[in-house]
Amino acid sequence: MSENKLHLVFGGRVSDPRTLDFNDFNSMDLVGIFPNYEAAEEAWRSKAQATVDDAEMKYVVVHLHRLLEPEIIEPARK
């Protein structure tokens, strides 16, 4: 079992801000892969705040560790 809790942060233009329907995969912004949620959230927040006036831009955090090790079930955060 890995000690890292890898997270991916990326963003791009969406057709509807309520969805994850990204318009152009060639112009997506790959922010990076981070070793924990706190670092990923900080990067996400920075990018999201920088584009707050652009309703078509959306940034997300993906829990890569959940995809890489799906057998590990984490307790819910309180």
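What tally of residues in segment 1-13 results from selecting those that are at pLDDT 95 or above and either part of a loop (DSSP other than H, G, I, E, B) or over 20 Å from P70 (Cα atoms) (or both)? Total meeting the criteria: 4.
In segment 1-16, the residues that are hydroxyl-bearing (S, T, Y) reach residues that are modelled with pLDDT under 90 with C-beta atoms within less than 8 angstrom, at least six apart or across chains, in these pairs: S2/H65; S2/L68; S2/E69. Contact annotation: residue pairs with Cβ atoms under 7 Å, 6 or more positions apart or on different chains, pairing a residue in segment 20-41 that is closer than 8 Å to H7 by Cβ with a partner that is aromatic (F, W, Y) and not in a loop (DSSP other than H, G, I, E, B), are A40/F34.
The values are calculated or read from the model by the stated rules, or taken from the named source; none is laboratory data. It should be emphasised that the depicted structure is a prediction, and the values quoted were computed from it without experimental measurement. Every residue, glycine among them, receives a Cβ derived from its backbone with ideal geometry; neighbour counts consider all protein chains shown.
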